[in-house]
Structure formats: C-alpha cells, structure tokens
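Working notes, beginning with the structure itself.
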Amino acid sequence: MCLGIPGQIVEVTDAANDLALVNVGGVRRVINIAFVIGEGRTANSCVGEWVLVHVGFAMSRLDEQEAARTLALLHELGVAQAEMDDMATLDELQGELKSELKDELREELRSAP
C-alpha cells in the first residue's frame, strides 16, 4: 500500500532543482516540489503550504484543514495498528506459553511412575 503524508514546506533549499525542506510530523526532510509548482509560480511561493508527500516528492497541495484531518486519521490508524500489533504479540506469547506448558506436562507424565 502506498501512503502520502501531509507535510508543510518550511524552506526552499535549492530553487534551481525544486528542492525544499518539509516538516512532516516534526521530522524535517528535503523533498522535490516540482509537481506542486504551478505556472507563473516560483519555488519560494510554496513556503508555508501543505503538501501530500510520497517517496520524496510533494504530489499535491492541501489546505491546512485537510492536512489536519489527514494527520488525525493517520494518527488514529497508527494507534489502532499499534493496538493490533500488541494483540498479535500477546497471542504469540500465549501460544508460546501453552506450548511450553504442554512440553512440561508431557515430560512430567513420562517421568511419572
């Protein structure tokens, strides 16, 4: 599954190559903004805008409300995913414990007179 994450352009780092620094959830990285620079615009005019970031490229522009909604949904999905991961880990541990208990019980039954 491919996922685009909202980020805010905070600085143009190389206008000639359409590279800018974007803040994605507190993490800053350089991305290519060529896809979001429209006719008659410059790279510097994109500073402050919210964009959908995917594999190092700004794929489209978003308004701030849409970016906030998307970030909230991704956070909820992350929380849900973390809970599912915890449940899977618990299931694994329970399975391992059951297996160990079975092995111990078999051993005790074999050694019983």
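The one condition from (1) part of a helix (DSSP H, G or I); (2) free of Cβ contacts under 8 Å to residues at least 60 places away in the same chain; (3) surrounded by 12 or more Cβ atoms within 10 Å (Cβ to Cβ) that Thr70 does not meet is (2). Filter the range 15-66 down to residues that are part of a helix (DSSP H, G or I) and in contact with a helix residue (DSSP H, G or I) (Cβ under 8 Å, 6 or more places away or on another chain) and give me whichever is nearest to Ile5 (Cα to Cα). The qualifying residue nearest to Ile5 (Cα to Cα) is Val36. Considering every residue within the range 87-105, establish whether at least one is touching a Leu at 6+ places or on another chain (Cβ under 6 Å) and among the polar types (S, T, N, Q). There is no residue in the range 87-105 that is touching a Leu at 6+ places or on another chain (Cβ under 6 Å) and among the polar types (S, T, N, Q). All told, Arg110 falls short of being free of Cβ contacts under 8 Å to residues at least 12 places away in the same chain, within 30 Å of Asp18 (Cβ to Cβ) and not assigned by TED's automatic domain parsing to the domain that holds Thr13. Evaluation of Leu90 against the conditions (1) farther than 30 Å from Val22 by Cβ; (2) in the same structural domain as Arg28 (by TED's automatic domain parsing); (3) of a type outside the set (S, T, N, Q) shows that the sole unmet condition is (2).
The values are calculated or read from the model by the stated rules, or taken from the named source; none is laboratory data. Here the structure is a predicted model, which means the values were calculated and not measured. So basically every Cβ, Gly included, is an ideal-geometry build from the backbone, and we count neighbours across all protein chains shown.
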